[in-house]
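The values are calculated or read from the model by the stated rules, or taken from the named source; none is laboratory data. Values in this document were obtained by computation on a predicted structure and should not be read as measured data. No Cβ is skipped: glycine too gets one built from the backbone with ideal geometry, and neighbour counts run over all protein chains shown.
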């Protein structure tokens, strides 16, 4: 199994290109199931999860072709076409590896009037039920059955009728599934207390480009007037705000100066505010965002929340950044109940972190020491990379397949700004 080896202590300086967003790409890919015409996605990141989702689309009868990147993009160009759906079953052996696979449920139900999808897998960061996905679909007229580890959904008459659903709590994935299911309904679907993440805005804009009728994009109330069919489109995946924030934390902990090329400051308000709270210089540039740091980070107090709040996907990276801070930082994780799995690994490097329930106190130390550590999930993996960049000596990060799910060309990007980092292949 591959590992990433870091010899810490190098100040990061230079430009880091930000790839297309993983969380957006995995939401846009299933849109191809909603039409028999081609959907071309530009700026698609080279990631294991993207490849896995492409394989799932192939299993359902959707052809995929991949081209190289264009000068203005950092990833690939994929064209997906589901001329005829050959299956409406998303099997366990694929879905168990990637939670985002549940997002084929809505499109299959909308296009074919039925779908059978295995209950999902993904990172071990706590209980993430799909009950809100199913309740929203039922509100639009779907009939749902759970049997033998699978969700079986059907639309009486072959098409969802429409309806109204209010989310009791904000759910990104359930909002995405419900929107994709609603675009081909025979009536109007209304979602209240919907998630407002930039990736959902990206999804809605792509669906509109395909002929969908959606009002309220970017707000908590989405009104979707169903249409008879969607057509193909060419669409560019948004920049990855989580990747950009991760490299910003790396710049701060190494007291560096980096420009995040392609990053969109308008989608990163909470992250940028937290960086400024830590004492970083943050400014927009013509190409993206510059983040620079002189001295150790100031303490921060952060609580994760749905967008536009501070993203749970940035918690681990900021925690790593705070380990070399000047005082005590306070973190509260409100989204997932088991997202401090990186703490024991960070402690191996000399970090002072105390966890009680959903709260963690990080007391800054004078220095970190490299050590062998093991990644437990995608964002936890990045926290170990960030700590390793500033640690004295060598850090060996194991189980890096988690990183490959969400960070494109990680070593190459960090090497280009001065990091001493390399991937060691296992044979």
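For the range 213-249, how many residues are over 21 Å from residue 317 (Cβ atoms) and either crowded, with 24+ Cβ neighbours inside 10 Å or touching a residue at least 60 places away in the same chain (Cβ under 8 Å) (or both)?
Going residue by residue through the range 213-249, those that are over 21 Å from residue 317 (Cβ atoms) are 213-237.
Imposing the further condition that a residue be either crowded, with 24+ Cβ neighbours inside 10 Å or touching a residue at least 60 places away in the same chain (Cβ under 8 Å) (or both) reduces the set to 224, 226, 229-237.
Residues that pass the stated criteria total 11.
In the range 340-352, is there at least one residue being within 30 Å of residue 44 (Cβ to Cβ) and either crowded, with 16+ Cβ neighbours inside 10 Å or under 26 Å from the mean Cα position of the chain (by Cα) (or both)? First the steps, then the outcome.
Taking the range 340-352 and keeping what is within 30 Å of residue 44 (Cβ to Cβ), we get 341-342.
Right, trim to either crowded, with 16+ Cβ neighbours inside 10 Å or under 26 Å from the mean Cα position of the chain (by Cα) (or both) and you get 341-342.
Yes, some residue in the range 340-352 is within 30 Å of residue 44 (Cβ to Cβ) and either crowded, with 16+ Cβ neighbours inside 10 Å or under 26 Å from the mean Cα position of the chain (by Cα) (or both).
Report yes if residue 390 is touching a helix residue (DSSP H, G or I) at 6+ places or on another chain (Cβ under 6 Å), assigned by TED's automatic domain parsing to the domain that holds residue 9 and at pLDDT below 95, otherwise no.
Working: touching a helix residue (DSSP H, G or I) at 6+ places or on another chain (Cβ under 6 Å): yes; assigned by TED's automatic domain parsing to the domain that holds residue 9: yes; at pLDDT below 95: no.
Judged against the criteria, residue 390 is not a match.
Can you confirm whether residue 88 is modelled with pLDDT of 95 or more, surrounded by 17 or more Cβ atoms within 10 Å (Cβ to Cβ) and assigned by TED's automatic domain parsing to the domain that holds residue 57? Write out each step before concluding.
Working: modelled with pLDDT of 95 or more: yes; surrounded by 17 or more Cβ atoms within 10 Å (Cβ to Cβ): yes; assigned by TED's automatic domain parsing to the domain that holds residue 57: yes.
Criteria met by residue 88.
What number of residues within the range 371-392 satisfy the criterion of being under 17 Å from residue 319 (Cα atoms) and not in a helix (DSSP H, G or I)? Let's see the steps before the verdict.
Taking the range 371-392 as the starting set, the residues that turn out to be under 17 Å from residue 319 (Cα atoms) are 373-391.
Okay, now just the ones that are also not in a helix (DSSP H, G or I), so 373-377, 391.
Count: 6.
For the range 393-417, which positions are in a strand (DSSP E or B) and either under 15 Å from the mean Cα position of the chain (by Cα) or at pLDDT 95 or above (or both)?
Taking the range 393-417 first, the residues in a strand (DSSP E or B) are 394-398.
Correct list: 394, 395, 396, 397.
Suppose we filter 198, 168, 156 for residues that are under 20 Å from residue 23 (Cβ atoms) and either modelled with pLDDT of 95 or more or surrounded by fewer than 18 Cβ atoms within 10 Å (Cβ to Cβ) (or both); which single one remains? I'd like the intermediate steps shown before the answer.
Values: 168 fails: under 20 Å from residue 23 (Cβ atoms); 156 fails: under 20 Å from residue 23 (Cβ atoms).
One residue alone meets the criteria, 198.
Could you count how many residues in the range 187-205 are closer than 27 Å to residue 158 by Cβ and either in a loop (DSSP other than H, G, I, E, B) or out of contact with any strand residue (DSSP E or B) (no Cβ under 9 Å at 6 or more places or on another chain) (or both)?
3
Has the range 320-330 got any residue that is in a helix (DSSP H, G or I), touching a helix residue (DSSP H, G or I) at 6+ places or on another chain (Cβ under 6 Å) and either under 22 Å from residue 242 (Cα atoms) or at pLDDT 95 or above (or both)? Give the derivation first.
So the first thing to find is which residues in the range 320-330 are in a helix (DSSP H, G or I), and the list is 320-322.
Retained after the next criterion (residues that are touching a helix residue (DSSP H, G or I) at 6+ places or on another chain (Cβ under 6 Å)): 320-321.
Within this subset, residues satisfying the condition of being either under 22 Å from residue 242 (Cα atoms) or at pLDDT 95 or above (or both) are 320-321.
There is at least one residue in the range 320-330 that is in a helix (DSSP H, G or I), touching a helix residue (DSSP H, G or I) at 6+ places or on another chain (Cβ under 6 Å) and either under 22 Å from residue 242 (Cα atoms) or at pLDDT 95 or above (or both).
Considering only the range 356-380, state which residues are under 18 Å from residue 2 (Cβ atoms) and either modelled with pLDDT under 95 or surrounded by fewer than 17 Cβ atoms within 10 Å (Cβ to Cβ) (or both).
Result: 372, 374, 375, 376, 377, 378, 380.
Quick one: is residue 339 under 26 Å from residue 170 (Cα atoms), assigned to a loop (DSSP other than H, G, I, E, B) and modelled with pLDDT under 95?
On the way: under 26 Å from residue 170 (Cα atoms): yes; assigned to a loop (DSSP other than H, G, I, E, B): yes; modelled with pLDDT under 95: yes.
Yes: the conditions hold for residue 339.
Can you list the strands (runs of 3 or more DSSP E) found entirely within the range 216-284 that contain at least 3 residues being touching a helix residue (DSSP H, G or I) at 6+ places or on another chain (Cβ under 8 Å), in the same structural domain as residue 329 (by TED's automatic domain parsing) and within 20 Å of residue 15 (Cα to Cα)? First the steps, then the outcome.
Values: elements: 221-225, 233-236, 257-261, 281-284.
The qualifying strands (runs of 3 or more DSSP E) are 257-261.
Here are some conditions: (1) at pLDDT 95 or above; (2) part of a helix (DSSP H, G or I); (3) over 23 Å from residue 313 (Cα atoms). Residue 41 meets all but one. Which one does it not meet?
Of everything listed in (1) at pLDDT 95 or above; (2) part of a helix (DSSP H, G or I); (3) over 23 Å from residue 313 (Cα atoms), residue 41 misses just condition (2).
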